[in-house]
1. Output the qualifying pairs, or none if there are none: Cβ atoms under 6 angstrom, residues six or more apart or on different chains, first residue in segment 11-39 and without any contact (Cβ under 8 Å) to a residue 24 or more places away in the chain, second residue of a type outside the set (A, V, I, L, M, F, W, C) and assigned to a helix (DSSP H, G or I).
2. Looking at segment 37-68, which of the residues that are at pLDDT 95 or above and more than 16 Å from the chain's Cα centre (by Cα) is farthest from Trp6 (Cα to Cα)?
3. Could you please give the count of residues in segment 1-44 that are within 19 Å of Gly56 (Cα to Cα) and of a type in the set (Asp, Glu)?
4. What are the residues in segment 1-37 that are over 16 Å from Val55 (Cβ atoms) and surrounded by 14 or more Cβ atoms within 10 Å (Cβ to Cβ), if any?
5. Report whether or not Phe19 is part of a helix (DSSP H, G or I) and either more than 19 Å from the chain's Cα centre (by Cα) or acidic (Asp, Glu) (or both).
6. So how many residues does segment 1-30 have that are of a type in the set (Phe, Trp, Tyr) and at pLDDT below 95?
Amino acid sequence: MKVLIWIKNVLILLVSLFFLLIGINTLMGSYRINNPMEFLMYFFSASLLILVCIVGILYFIFRLFPQK
């Protein structure tokens, strides 16, 4: 059972890192948009995506080093 838990945790980490890269790429791309409404839409969606990915990474870290 421990192996399945580790597989789940590593999978969450990998998916979070993948979407973190997509979020950073979207955030950088949002600065090239001329329309202010589209900029805001891309900026806030990228920020939310980055925030959710950071939560996934923190989940893995807290599972890796549990507090006693």
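The values are calculated or read from the model by the stated rules, or taken from the named source; none is laboratory data. Predicted model only: the values in this text are computed from it and were never measured. With ideal geometry, Cβ positions are generated from the backbone for all residues, glycine too; neighbour counts draw on all protein chains shown.
1. Ser30/Tyr42; Phe39/Ser30
2. Across segment 37-68, the extreme among qualifying residues is Met37.
3. Residues meeting the conditions: 0.
4. Those that are over 16 Å from Val55 (Cβ atoms) and surrounded by 14 or more Cβ atoms within 10 Å (Cβ to Cβ): Thr26, Leu27, Ser30, Ile33.
5. It is false that Phe19 is part of a helix (DSSP H, G or I) and either more than 19 Å from the chain's Cα centre (by Cα) or acidic (Asp, Glu) (or both).
6. Final tally of qualifying residues: 1.
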